[in-house]
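The values are calculated or read from the model by the stated rules, or taken from the named source; none is laboratory data. Given the structure is predicted, the values throughout are model-derived calculations rather than measurements. With ideal geometry, Cβ positions are generated from the backbone for all residues, glycine too; neighbour counts draw on all protein chains shown. Accessible surface is based on the protein model in full, side chains and every heavy atom, while ligands, DNA and RNA are left aside. Shrake-Rupley method; radii C 1.70, N 1.55, O 1.52, S 1.80 Å.
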Amino acid sequence: MRADKWFANSGFGSRSEVKEFFRKGRVCLNGKTLSDPGISLSEEDISNLTFDGQPVLLSSHLYFILNKPDGYLTAMTDDRLPCVGDLLPGNLKNKKISPVGRLDYHTTGLLILTNDGELSHRLTSPRWHQEKVYLVTYKGEPLTEKEVRLFSSGMTLTEDGHKPEKLKPAVLSLLSDSLCRLTLTEGKTHQVKRMLAATGRSVIGLHRERIGCLKLDPNQKEGELLALSGQQLDLLLKSLEMK
Ligand code: URA
């Protein structure tokens with residue numbers, strides 16, 4: 001198969017974006033830069049390719065990290081509002097890719113997109129308790145050690161009109177008078193906002209930094225979609241007992 005076609009089909013970008021990667025020397029075969037996007041690749045060649053120095057992923061499924069921008073719904077299509085599906089290039093639109101879990105409209109940061117249903121299920125299932133790490137900007141009195149203890153003991157949310165909900169222990173790190181980091185091992189709807197609301201604070205900025213072993217690369221721009229490297233996927237599959 002032509003190299004540019006293989007990269008485009010594997011989710012690296014459109015054919016013209018892929019050609020640009022070759023021009024910039026980001027693709028190597030057996031350690032040597034490949035500059036011709038039209039070169040024909042054998043199966044063996046493909047297993048020896050690297051992109052930005054990382055072995056490429058050999059899988060029938062597609063896996064991405066999106067740095068979700070503010071003002072996007074976590075949905076593939078929507079009639080009224082911008083949604084993360086709008087950020088996928090055309091060549092990925094009919095590959096049955098969907099987001100894993102949900103970030104609120106204004107929440108930014110790491111969102112996994114894939115067409116691997118089993119991986120999606122395990123990442124969101126409490127059974128594999130994958131950590132989700134959020135940077136939270138909040139309004140109200142500075143959080144204290146009291147809330148650190150409350151969150152770590154596994155608090156119970158008691159909200160008007162709802163049954164009390166017992167949460168799993170969560171790790172709260174105090175960073176400044178209006179900034180904290182919160183690590184959860186479950187993903188209940190609006191969980192961070194509800195936990196902060198239960199302490200009388202309100203969330204004014206929310207950014208997801210990590211899910212399990214996948215960390216958002218600080219160089220990944222908002223709205224940018226990056227394919228997982230072979231190494232990242234390997235670690236992820238192992239952590240979910242899929243390998
Ligand atoms: N918790 C929230 O309240 N919102 C999110 O988007 C993610 C976690």
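Worth pointing out:
- Residue in the range 190-205 that is closer than 18 Å to GLU131 by Cβ, in a loop (DSSP other than H, G, I, E, B) and more than 13 Å from the ligand (Cβ to nearest atom) present: no
- Any hit, the range 67-84, residues being touching a residue at least 12 places away in the same chain (Cβ under 8 Å), small (Gly, Ala, Ser) and over 30 Å from LYS193 (Cα atoms): no
- Among the residues of the range 148-162, those identified as open to solvent by less than 80 Å² (accessible area, probe 1.4 Å) and away from the ligand (no atom under 16 Å from the Cβ) are VAL148, LEU150, SER152, SER153, GLY154, THR156.
- Test result for LEU214, away from the ligand (no atom under 12 Å from the Cβ), surrounded by 18 or more Cβ atoms within 10 Å (Cβ to Cβ) and under 12 Å from the mean Cα position of the chain (by Cα): yes
- Test: residue in the range 107-130 that is assigned to a helix (DSSP H, G or I) and within 13 Å of the ligand (Cβ to nearest atom): yes
- Just one of the listed residues (GLU209, GLU165, GLU222, GLU186) is within 16 Å of the ligand (Cβ to nearest atom) and in contact with a helix residue (DSSP H, G or I) (Cβ under 6 Å, 6 or more places away or on another chain), namely GLU186.
- If the condition is being of a type in the set (Gly, Ala, Ser) and assigned to a loop (DSSP other than H, G, I, E, B), then the range 20-52 contributes GLY25, GLY31, SER35, GLY38, SER42.
- Selection within the range 80-95 - open to solvent by less than 60 Å² (accessible area, probe 1.4 Å), assigned to a helix (DSSP H, G or I) and either in contact with a helix residue (DSSP H, G or I) (Cβ under 6 Å, 6 or more places away or on another chain) or over 16 Å from PHE7 (Cα atoms) (or both): VAL84, GLY85, LEU87, ASN91
- You will find that of VAL171, VAL192, the residue that is modelled with pLDDT of 95 or more, touching a strand residue (DSSP E or B) at 6+ places or on another chain (Cβ under 9 Å) and surrounded by fewer than 18 Cβ atoms within 10 Å (Cβ to Cβ) is VAL171 and no other.
- Long-range neighbours under 6 Å by Cβ, at least six apart or interchain, first residue at pLDDT 90 or above within the range 219-243, second open to solvent by 100 Å² or more (accessible area, probe 1.4 Å): LEU237/LYS243
- Subset of the range 167-182 (residues that are assigned to a loop (DSSP other than H, G, I, E, B) and of a type in the set (S, T, N, Q)): SER178
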